[in-house]
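Here, each number is a calculation from the coordinates, and none is a lab measurement. What you see is a predicted model, and the numbers here were worked out from it, not measured in a lab. Here the Cβ positions follow ideal geometry from the backbone for every residue, glycine too, while neighbour counts run over all protein chains shown.
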Amino acid sequence: MKALVDSIRDRLRLRRSGVPAIPTEWEPVFEQSSRRKLSAPAHSLCAITDIGRFRRNNEDAYSFSSDRGLWVVADGMGGHAAGEIASALTVQTIVESMDSTRTEAGVPNRLMTAFASAQMVVSTHGLESAERRGMGSTAIAAVKDGELLHICHVGDSRAYHLSGGRFRRVTNDHSWVWTLVETGVLTPGQARSHALRGRLLQAIGCIEGIKPELTTVSLRAGDRVLLCSDGLWESLSDDDLRESVASVGSVRDLATDLVDRANAAGGQDNITAILYQHNGEREPGAG
């Protein structure tokens, strides 16, 4: 684990210094600066992360495999750069777990195993260092399996689905304010501005354990899927998100527009989005 953490720390130092990280098969980098990274390996997929307007570090992380149909977004938390390490550990562990179980049947079970592995890695590392104690990360991972998209998440990073003109959120936030929305105490609009909206009920690394939530979505040609951290959806209303996602244009342009609009709306937090357009069953997938 020490070697893994050291490798992540090295990449974080490079990112903060403005030196582009070495591209990998998971992230062909087309644009990168000290504030923003955008990866667009195909016309149907784009991932982008931005530091926002007020944060010194970007504690969000993402990864994807365009040929295997696996996408992951994580939003870290914790002092002394622990949030950056937590999100990077979370993403890397989920990706490695999904890769090592590729020959096994059942994408949902593989996702649950991957999240359990991330929980073990992050929580163990948090206990090994006083500076990292309490570190954690939200996580959302999606795996395309033919015409199905399997989504697993912990925390308040979200997934949205645009199909046939209907735009809907397909995940529930694991947060204190969302329980108040579900019980009718708060409206979704009130929850967005609530002082305790950042209080999560579970996160990767939480000592109390996690209960990942699984969702499966059927895809049709032309559908679009958005995965994002709370830095995006807290800045923009669902109507704003729908307007951008449903617009005419490449997913690269639309993903960039989403992040630019979130920054224009305040950019209080790090902002990360993965936008995908489904073009039919011939596409590779199955994680």
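Segment residue 208..residue 112, full-extension length gain: 32.9 nm, with 0.36 nm per residue of separation and the alpha-carbon distance subtracted.
Are there GluC sites (Glu not before Pro) in the range 35-142 that DSSP puts in a loop and that have at most 12 other Cβ atoms within 10 Å, and which ones? Taking the range 35-142 and a limit of 12 other Cβ atoms within 10 Å, the loop GluC sites (Glu not before Pro) found are 104.
If I stretch the segment between residue 243 and residue 96 completely, what's the gain in nm (0.36 nm per residue apart, minus their alpha carbon distance), one decimal?
Taking residue 243 through residue 96 to full extension adds about 49.4 nm, to one decimal.
The residue list 183, 109, 52 was ranked by how far each Cα lies along the charge dipole of the range 2-277 toward its positive end, using unit charges on Cβ atoms, and 52 comes out on top.
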